[in-house]
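Each remark here refers to the structure printed beneath this line.
The values are calculated or read from the model by the stated rules, or taken from the named source; none is laboratory data. Remember, predicted model here, so these are calculated numbers, not experimental data. Neighbour counts are summed over all protein chains in view; Cβ atoms, including those assigned to glycine, are modelled from backbone coordinates with ideal geometry. Heads up: the accessible areas ignore ligands, DNA and RNA and are worked out on the full protein's heavy atoms, side chains in. Shrake-Rupley method; radii C 1.70, N 1.55, O 1.52, S 1.80 Å.
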Amino acid sequence: MNVQLRNPDNRIELPGERVVADVLKELEINPETVLVIYQDTLVMPNAVIPADGTIEIRPVISGGAA
């Protein structure tokens, strides 16, 4: 599986099929701080990604008016 991290940009290869929550735990990423996208779709932590799949992990960014 290919993992594309954003901000900062980085690419990681992980072997085999994986559950999104397990990927985040392995990479020491708090699931509440990111969005995970697979095939242009936001996926939940229990989604299973095939070994030949690619996910993108984007940080959640919030802001507000002054």
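Placing unit charges on the Cβ atoms of the charged side chains and taking the dipole of the chain about its Cα centre, the candidate lying farthest along the positive direction among 49, 33, 62 is 62.
On the chain, 51 percent of the accessible area sits on carbon and sulfur atoms, based on a 1.4 Å probe.
Between residue 17 and residue 60, the C-beta separation translates, for a Förster distance of 22 Å, into a calculated FRET efficiency of about 0.30.
The phi-based Karplus calculation (6.51 cos²θ - 1.76 cosθ + 1.60; θ = phi - 60°) puts the 3J(HN,Hα) values of segment 17-23 at 6, 9, 8, 3, 4, 5, 4 Hz, whole numbers, x for Gly and Pro. Protein heavy-atom accessible surface, 1.4 Å probe, per residue over segment 12-66: 70 Å².
Annotation: amide H of residue 6 within the under-5 Å range of 57, sequence separation 5 or more or interchain, hydrogens built in the peptide plane. Seen through its C-alpha gyration tensor, with square-root eigenvalues sorted a ≥ b ≥ c, the chain comes out prolate because a/c lies at 1.5 or above while a/b is bigger than b/c.
A simple rule links phi to the HN-Hα coupling: the Karplus curve 6.51 cos²θ - 1.76 cosθ + 1.60 with θ = phi - 60°, which for segment 35-46 gives 10, 10, 10, 9, 6, 6, 10, 5, 10, 8, x, 8 Hz, with x for Gly and Pro. Rounded to the nearest 20, the Cβ-based charge dipole of the chain about its Cα centre (Lys and Arg +1, Asp and Glu -1) stands at 160 debye.
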